[in-house]
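Bear in mind these aren't lab numbers, they're just calculated from the coordinates by the rules spelled out. Keep in mind it's a predicted model, so treat the numbers as computed, not measured. Here the Cβ positions follow ideal geometry from the backbone for every residue, glycine too, while neighbour counts run over all protein chains shown.
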Amino acid sequence: MPVRAFLACAAVLVGGVSAAVAPAAPSAPGFAYGVAAGEMTPTSARLWTRAPGVGRVTLMLTGAGTTRTFALVARPSSDLTAQRTVRGLRPGTTYRYSFAQGRTRSAIGSFETAPAATSAGTVRFAISGDADATRDASGKLGFNGFETYSAMARGRNDFALNFGDTIYSDSGVGGAPVARTVAQKWAKYRLGLALVPLQRLKSSTGVYSGWDDHEFVNDYSRAEHGDAIYRAGVKAFLDYTPATYSPRTGDYRRFRWGKNLELFILDGRSFRSPKVTAACDGDIAPTAPPAVRQAFAPLSPALAKPVPQACLDAIASPSRTLLGAAQLAAFTKAIRSSKATFKVVVNPEPLMQLYALPYDRWEGYAAERARVLAVLRQVKNVVVMTTDTHAHLIGEIRTDTFAAGGPVGTGIWEVVTGPVATNTYAKEIDSFLGAPGFGAVVTGAFFKPAPPRGLGLRCAQTDQYGYAQVTVTSATLTVQPRTASGGVVLDASGAPCAPLIVRAR
Ligand SMILES: [Fe+2]
């Protein structure tokens, strides 16, 4: 997230007003961190729990008229977590599962397998991300009690996505030390999974998960931060999340969900080049045209200065990558050949042009952004779903929002959603500009007006927790931004954000 460097400061601003009292501890004292299902395909799923103690754990799975049991082992080397992929399942079927160790039983979870690729039934899913469960010195949660996850659990979904910043290794709350080791990161996962709403979501439906930077450290790249914290982050994530990983393509995965939907879950962290902040001297909007920079110079005086050419050259360098060559090749080949009606790209940082602090997201990797957009423009019915920004934003992805003769649209819609629990984008802007309320000003004055005055987003709400509810049929893909209580998100204008309805071509 662009202005994370100012998280600590913003946490001070926010802490006083939005700290929440922790919800009651979950009821199952033995399996205190619940159960989870992930990686659902038509015939398999990966099931997870954390056992009360070291030793044998029995997994029981019921569905399609059969009950099966599996023997697992909880070991200290995985912090007592136990998981296994179950195969031979029936497509489009609801299964129930639970775990036992000795006489202690877990909660009962359920999940659906993906329907067969010929199945044209309606598919519903919810997506959010960016969830910090760190508590301050008095024991209060820094932001909220993860209520968004409860709303997602109530949504009668076929599955959910918990995508990116599923822990905050370097939370700004309460002066917590940065979690760098596997054990420290395990503790971060336990903080979140101890909260009832996350347990409720994970037991109510299958959840696909992915990482972003805070599973490692803020604005992570291996080139900038090294391999040790990467290895720790990967191990802790895989111990606590029923997900899969390969050294070659990281946690990039794709899942077909019936005739009308295929998900492409991108890994934005394992292979990226370093960001170019230094070459740009930390400029807040190096790629914004001079007229736009001048217009916002009263808010941020440094915008009146010209941008060093070396900065623009670095951002545009074709040698820099966000996905890495192997993932980029796998993703572009797969989405080009997908037979699903809608292709949903689950994307760790915005592809849309936002201009402010582009370094950590696609705009800061401009050449690869252009390559990806060139591919996506050739594919029918692509929708991009993104987290990381801590805001609800809906807009068309453009290549030249402010160019003469622009904006140049791609015809591809992006929905940015979340956060669950961290500083909102508005609070981060307030913090960056050093003035409470400026986040709302920027949202209204820049995100909403049509080009050339602003970005012309059809929905922009930068100060509300929540998620996106998605419904896919053979004719349409509909996205409704929702709040942490399940209500409709209000736009910066105060009117409800209308659902985005993308019609199949
Ligand atoms: Fe985040």
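So how do Leu500, Leu201 line up by other beta-carbon neighbours within 10 Å, fewest first?
Ordered by Cβ neighbours within 10 Å, fewest first: Leu500, Leu201.
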Here the FRET efficiency for Ile108 versus Arg453, based on Cβ atoms and R0 = 41 Å and rounded to 0.05, is 0.15
What is the diffusion coefficient of segment 437-505 in µm²/s, taking the Kirkwood radius over Cα pairs and the Stokes-Einstein relation at 10 °C with a viscosity of 1.306 mPa s?
-> 122
Using a cut-off of 17 Å between alpha-carbon atoms, which lysines can reach Lys185, once sequence neighbours fewer than 8 places away in the same chain are excluded?
-> Lys235
Bins of 5 Å from zero: percent of alpha-carbon pairs in segment 291-365 | 3, 12, 16, 19, 17, 11, 8, 7, 5, 2, 0
Any idea how far the Cα center of segment 92-115 sits from the one of segment 261-328, in Å?
-> 44
Bin all alpha-carbon pair distances of segment 218-267 at 5 Å intervals from 0 and give each bin's fraction as a whole percent.
-> 5, 16, 21, 24, 16, 8, 6, 3, 1
State which entries of Lys188/Lys259; Lys188/Lys275; Lys305/Lys380 exceed 30 angstrom in Cα-Cα distance in the structure shown.
-> Lys188/Lys259; Lys305/Lys380
Can you tell me which of 434-443, 203-212 comes out highest on packing, and rank the rest after it, using the mean Cβ neighbours within 10 Å?
-> 203-212, 434-443
How much of the calculated P(r) for segment 249-321 lies past 19 Å, in percent of all Cα pairs?
-> 56
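What percent antiparallel are the DSSP beta bridges of segment 383-458, to the nearest 5?
Around 55 percent of the beta bridges assigned by DSSP in segment 383-458 are antiparallel ones.
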What are the semi-axes of the equivalent ellipsoid of segment 199-289, taken as the square roots of 5 times the eigenvalues of the Cα gyration tensor, listed largest first and rounded to whole Å?
-> 29, 18, 13
With each label point set 7 Å from Cα along the Cα-Cβ vector, what nm distance links Leu299 and Leu312?
-> 2.2
Set Lys and Arg Cβ to +1 and Asp and Glu Cβ to -1, take the dipole of the chain about its Cα centre, and tell me which of Ser485, Asn260, Ala435 lies farthest positive.
-> Asn260
Spin-label point model (7 Å from Cα, Cβ direction): what's the Ala137 to Thr94 distance in nm?
-> 4.9
Can you sort Ser431, Ser485 by how many other beta carbons sit within 10 Å, fewest first?
-> Ser485, Ser431
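Counting Lys and Arg as +1 and Asp and Glu as -1, each charge on the Cβ, what is the dipole of the chain about the Cα centre in debye, to the nearest 20?
Computed about the Cα centre, the dipole is about 1980 debye.
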Mean shadow area of segment 49-121 over all directions, Cα convex hull, nm² = 5.6
Based on the alpha-carbon gyration tensor of segment 373-505 and its eigenvalue square roots a ≥ b ≥ c, which shape applies: rounded if a/c is under 1.5, prolate if not and a/b is larger than b/c, or oblate?
-> oblate
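When 1/r is averaged over all different Cα pairs and the result inverted, which Kirkwood radius in Å belongs to the chain?
Evaluated on the chain, it is 22.9 Å.
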From the Cα centre of segment 410-466 to that of segment 351-384, the distance in Å is 18
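Given axes a ≥ b ≥ c from the Cα gyration tensor, I'd like to know whether segment 123-230 is rounded (a/c under 1.5), prolate (a/b larger than b/c) or oblate.
Because a/c hits 1.5 or more and a/b fails to exceed b/c, segment 123-230 counts as oblate.
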